[in-house]
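Data block below; observations after.
The values are calculated or read from the model by the stated rules, or taken from the named source; none is laboratory data. Computed from a prediction, not measured in an experiment: that's the story for all the values here. Ideal geometry is used to build each Cβ from the backbone, glycine not excepted, and the neighbour counts take in all protein chains shown. Quick note on the areas: whole protein, heavy atoms, side chains included, nothing else; ligands and nucleic acids left out. Shrake-Rupley method; radii C 1.70, N 1.55, O 1.52, S 1.80 Å.
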Amino acid sequence: MKKLLTIVVSLFLMTNVQVEAADFETATAAVKNMGLGWNLGNTLEANRQSVTTDVTSPDYWGQQGLESETCWGQYVTRPELLKMMKDAGFGAIRVPVTWYNHMDKDGNVNAEWMARVHEVVDYVINQGMYCILNVHHDTGDDNDSYKSWIKADGAYYEAYKGRFEKLWKQIAEEFKNYDQHLLFEAYNEMLDAKDTWNEPADKTDGYTAINNYAKSFVNVVRATGGNNAQRNLVINTYCAGNGSTTMNALELPEKTGHIAFQIHNYPDWQNETHARELVDGLISDIKSNLISKGAPVIIGEYATLSTWYDVNREVAFYAMDYFIKKTKEEGIGTFYWMGLTEGAARLFPAFHQADLAKVLLQAYHGSDYDPVLPVRSDYNNTYISATVGFEQEWSEFNIFTGTMSASDYSAIELELAEAPAKGALQYKVYGSSEKFQKIETANSKLSLTTAMGSIKQITLQWCLKSKGSVKVKSIWLVKKDGTKIPSDPSVFWGCTMSDVTLITLPTGVNSIKMDAEKGDGYMYDLNGRRLQQPSKGITIKNGKKYFGN
């Protein structure tokens, strides 16, 4: 009788799984239903290897705490940001997350970090949007200050397969009861051990490794049961590349209807005709090499390079409009990479590229769609206060970024909670030439002269070898007519922000009128990380792509 009861219970449980599976939409339906997507970039995936880059060292793991969320200059994400995206008309958010800096040497994810990731996922899900959660800069393009541990390499796969599967088991268990609005993405832009872009140096080994990672990911998630048995899962091509060979090499790890493929696309169009040709060619290749295998495709990252947005916005807007309309027609999902709202704009929240956001939203929803797009000037009687922690000598904290003509402004006024230690702090101005001025009092003023020319950045620089902190109460830009405008601070490098507070004055102040940016002069990789020097692979500077050796 006991044996019979066990069999009956087992059959009942199997039936429940089948019923639950029938309740989950297919990946094709999910990609269609998620609508227009956006990446919460440079936030939970931000990371810094300040201790060691040696993957074989126990100290490689767990180098950061919750402060990593702001170490690339963004603010701590608040639910208001995701509500703004929903209200504007976005239907899905990709949440990139880096994990190695929050794992111990045995592969256990820090509980506080998992809780924070969970919290941000809930911000998205609670708005009724789809959420894609991934493993991000555990892969990537290595340089002198960063080394990844997940590589499209057979030896690496064998060495770190257990850790990779353990990581995904923990993530899957954490979110196993979430419904179909949550998707998992196995890995981001995985490169081989030589950091080769587009195609692996050893095609057989590299493509085999990518497919092995995809299978490991799917198998371990499915094994956790519950809603993960039918959850829609996303796997990327090698380097998330969109070349025909690279796309064709990616195998479908299971035939359940719950797998989606992902690629990335950062086109450098020359004009409207060229943009149209690139989009048409991309879609044709996607249909031939991926959709033909029986799974939908998500373009998980795309963007208009800054040169086109700043210099020829007409071409940029045409290209983005055409891109969204054509991908929607073909049932291909799209997630804009990080722009539209970033830095302090996310805190208020507001769009810093509201015109571009409107182009994308109207391309998707129709020309008559009237999106709600708040901008910074809607909050121009609100300023930011925060505590800044400096971690090392010469660390810098942004008190102004953008493009400002010194001929239009007379000063920048800084109010600290108390005077800094003697010799600890100074202003650093990045303009026609670098300028420095010591800060010795709680209330100080940096005079701006016409000779400074075009200013693109002003920072607070820490001058002591020991760590320290200051409480920034307010920062004001003073125009020639005496009008004061709040300046929005952010992390530059080697520092952290905490106790961030928005303070609203009872009366409004005039908003700043910024000159159109021609590019900030910094180097970035395709993941949006600022580089100190050129690296292997693709580097972007002032919107142009350069290829390093």
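Computed from Cα atoms, the angle from the helix 79-88 axis to the main principal axis of the chain rounds to 80 degrees. Taking a Cβ cut-off of under 12 Å around T53, the surrounding Lys, Arg, Asp and Glu residues balance to a net charge of -2, with basic ones at +1 and acidic ones at -1. Apply the a/c threshold of 1.5 to the C-alpha gyration tensor of the range 90-227 and tell me whether it is rounded, prolate or oblate. Judged from the Cα gyration tensor, the range 90-227 comes out prolate (a/c at least 1.5, a/b above b/c). Summing charges over all other residues whose Cβ lies under 12 Å from the Cβ of P349, with Lys and Arg as +1 and Asp and Glu as -1, gives +1.
Distances between placed amide hydrogens fall under 5 Å for G468 paired with F390, all partners being 5 or more residues away or on another chain. Scalar couplings 3J(HN,Hα) for the range 321-334, obtained by applying the Karplus form with A = 6.51, B = -1.76, C = 1.60 to θ = phi - 60°, are 4, 5, 4, 5, 4, 6, 5, 5, 4, 8, x, 9, x, 9 Hz; x denotes Gly and Pro. 3J(HN,Hα) along the range 193-203, derived from phi through the Karplus expression 6.51 cos²θ - 1.76 cosθ + 1.60 where θ = phi - 60°, amounts to 5, 9, 6, 7, 8, 6, 9, x, 4, 9, 4 Hz, with x in place of Gly and Pro. Distances between placed amide hydrogens fall under 5 Å for Q262 paired with I235, N236, T237, I298, all partners being 5 or more residues away or on another chain.
Distant-in-sequence amide contacts of L416, defined by a placed amide H-H separation under 5 Å and a gap of 5 or more residues or a different chain, comprise N443, S444, K473.
Dividing the C-alpha radius of gyration of the chain by 2.2 N^0.38 Å, with N its residue count, gives 1.01.
What share of Cα pairs, in percent, lie more than 18 angstrom apart in the range 230-331? More than 18 Å apart: 48 percent of the Cα pairs in the range 230-331. Counting only protein chain heavy atoms and rolling a 1.4 Å probe, the accessible areas of R313, R222 rank, largest first, as R313, R222.
Beyond 24 Å in Cα-Cα separation lie the following of the pairs K194/K287; K147/K428; K215/K293; K147/K467; K287/K326; K428/K473: K194/K287; K147/K428; K147/K467. The candidates D59, D488, arranged from most to least accessible area with a 1.4 Å probe in the full protein assembly, appear as D59, D488.
For the set D87, D144, D378, the ranking by accessible area, highest first and with no ligand, DNA or RNA atoms included, is D144, D378, D87 under a 1.4 Å probe. For the chain, the relative contact order comes to 14 percent (Cα pairs under 8 Å, sequence separation of at least 6).
Between 0 and 90 degrees, rounded to the nearest ten: what's the tilt of helix 272-289 against the longest Cα principal axis of the chain? Result, in degrees: 30.
Per-residue surface analysis assigns D179 an accessible area of about 70 Å², computed on protein heavy atoms at 1.4 Å probe radius. Near N101, once Lys and Arg are set to +1 and Asp and Glu to -1 for all other residues with Cβ below 13 Å from its Cβ, the sum equals -3. Solvent-free Debye calculation, one equal scatterer per alpha-carbon of the range 284-422: log10 I(q)/I(0) at 0.12, 0.22 Å⁻¹ equals -0.71, -1.45.
Residue-wise HN-Hα couplings along the range 36-52, as the Karplus relation 6.51 cos²θ - 1.76 cosθ + 1.60 with θ = phi - 60° gives them from phi, are 7, x, 8, 9, 7, x, 6, 10, 6, 8, 4, 7, 8, 9, 7, 8, 7 Hz; Gly and Pro carry x.
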